[in-house]
Amino acid sequence: MTVLDQLPGGARVAVIRLRSLGDCVLTTPALGLLKAVRPDLEIGVAVEERFRAVFEGNPAVSQILPATWSAIRHWQSELCINLHGGTRSQWMTALSGAKWRAGFANHNTTLAYNIKIPRAQKVLGVQRTVHTAEHMASAFIALGVPLQDVPRAQLFAPEAPVAARYAVIHPFASAPEKQWRAERFCEVARYLDLWNIKPVFLAGPKDDVTPFKVHQVVQGSLNSAKALLSKAAVFVGNDSGPAHMAAAFGVASVVLFGPSNHAIWGPWQTECEIVVAPDGLKEVTVSRVIAALERLRMFEEAHA
């Protein structure tokens, strides 16, 4: 009998997923699988405030919890699942008061767990590299969700702020080695204009948008980013959280990868072209990215 089989009707489940943006987005397929199998469960997700918007409006999530041990304990869950794995989340799990406390066996410490989840490959019965979305889902499969394909991520957004057919360009990243040069993104924007696709640059509140000021820029909250990405015709950007958001909305994407493994972090379940640069993004030419965009256009025309 699985853990899910033993949970009483209407039981509460706490899912600890503190950060980051991409990880939060790629947790949503797993939450959907859990809710589909046990729609009676009340699922609370503990997440840092800056990423709260990822889970807002998601019908699988009953409550978005503050990222504190007291909030987890107050939720009074029967099952607490730690998808984060760091020291802080370990304490949150240990102090949750949950009967079942689960986490991956390869976390740095597992003292908080009375259920240790094996590697995703073992759970899924595969030998290949698994995507992060599959890794997250494997935790719930280990607990009793039937083995199945992992669906697209789910995000929910208000109306887009741009009316015309447009492309979203995200030229920022979490580290310099993951970031293509600003002037090359601007060159891509000029090509999009020629194709009658309006380029719109997406930026976070603290990003320097000076190189892109001749174009429309949407800079602000995560909710504004969700709204913009939800209706985009195409996404072009670095390996970053917004690339996962675009994929969640099924937006065809061109994503540039430097040091990260695209098999683990590539756009999940959407049509995409991945530009891999093992020698660094400085070696990626504008023509290579334009060619990737052209291939996406050919795909769209073939399936129109």
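The values are calculated or read from the model by the stated rules, or taken from the named source; none is laboratory data. Only a predicted model underlies this, so the values are computations on that prediction, with no experimental measurement involved. Here Cβ is always computed from backbone atoms with ideal geometry, including for glycine, and neighbour counts include all displayed protein chains.
Name the residues in region 95-111 that are among the aliphatic types (A, V, I, L, M) and farther than 19 Å from THR68 by Cα, would you?
Result: ALA105, single match.
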Looking at region 181-191 only, could you name the residues that are under 26 Å from the mean Cα position of the chain (by Cα) and not in a loop (DSSP other than H, G, I, E, B)? ALA182, ARG184, PHE185, CYS186, VAL188, ALA189
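Conditions tested, residue by residue: (1) surrounded by fewer than 18 Cβ atoms within 10 Å (Cβ to Cβ); (2) in contact with a Leu (Cβ under 9 Å, 6 or more places away or on another chain); (3) at positive phi.
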{"site": "PRO176", "(1), (2), (3)": "yes, no, no"}
{"site": "ALA182", "(1), (2), (3)": "yes, no, no"}
{"site": "VAL200", "(1), (2), (3)": "no, yes, no"}
{"site": "ALA203", "(1), (2), (3)": "no, no, no"}
Being touching a residue at least 24 places away in the same chain (Cβ under 8 Å), surrounded by 18 or more Cβ atoms within 10 Å (Cβ to Cβ), more than 23 Å from TRP268 (Cα to Cα) and of a type outside the set (Ser, Thr, Tyr) is the requirement here; does LEU79 meet it? yes
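The rows are residues; the columns are (1) assigned by TED's automatic domain parsing to the domain that holds ALA247; (2) farther than 22 Å from SER287 by Cβ; (3) modelled with pLDDT of 95 or more.
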{"position": "PRO171", "(1), (2), (3)": "yes, no, yes"}
{"position": "LYS178", "(1), (2), (3)": "yes, no, no"}
{"position": "ARG190", "(1), (2), (3)": "yes, no, yes"}
{"position": "VAL200", "(1), (2), (3)": "yes, yes, yes"}
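Out of GLY241, GLY250, which single residue is of a type outside the set (D, E, K, R) and farther than 17 Å from PRO176 by Cα? Working first, answer last.
On the way: GLY241 fails: farther than 17 Å from PRO176 by Cα.
Of GLY241, GLY250, the one residue that is of a type outside the set (D, E, K, R) and farther than 17 Å from PRO176 by Cα is GLY250.
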Among the candidates ASN82, ASN106, single out the residue that is farther than 26 Å from ASN223 by Cα and of a type outside the set (Phe, Trp, Tyr). ASN106
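Give GLN6, GLN63 a once-over and let me know the one that is closer than 23 Å to LEU147 by Cα and surrounded by fewer than 24 Cβ atoms within 10 Å (Cβ to Cβ).
When all the criteria are applied, what remains is GLN6.
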Just a yes or no: is a residue in region 42-60 over 25 Å from SER221 (Cβ atoms), surrounded by fewer than 20 Cβ atoms within 10 Å (Cβ to Cβ) and either modelled with pLDDT of 95 or more or not assigned by TED's automatic domain parsing to the domain that holds ALA105 (or both)? yes
Looking at (1) part of a loop (DSSP other than H, G, I, E, B); (2) modelled with pLDDT of 95 or more, find the lone condition where MET136 falls short. (1)
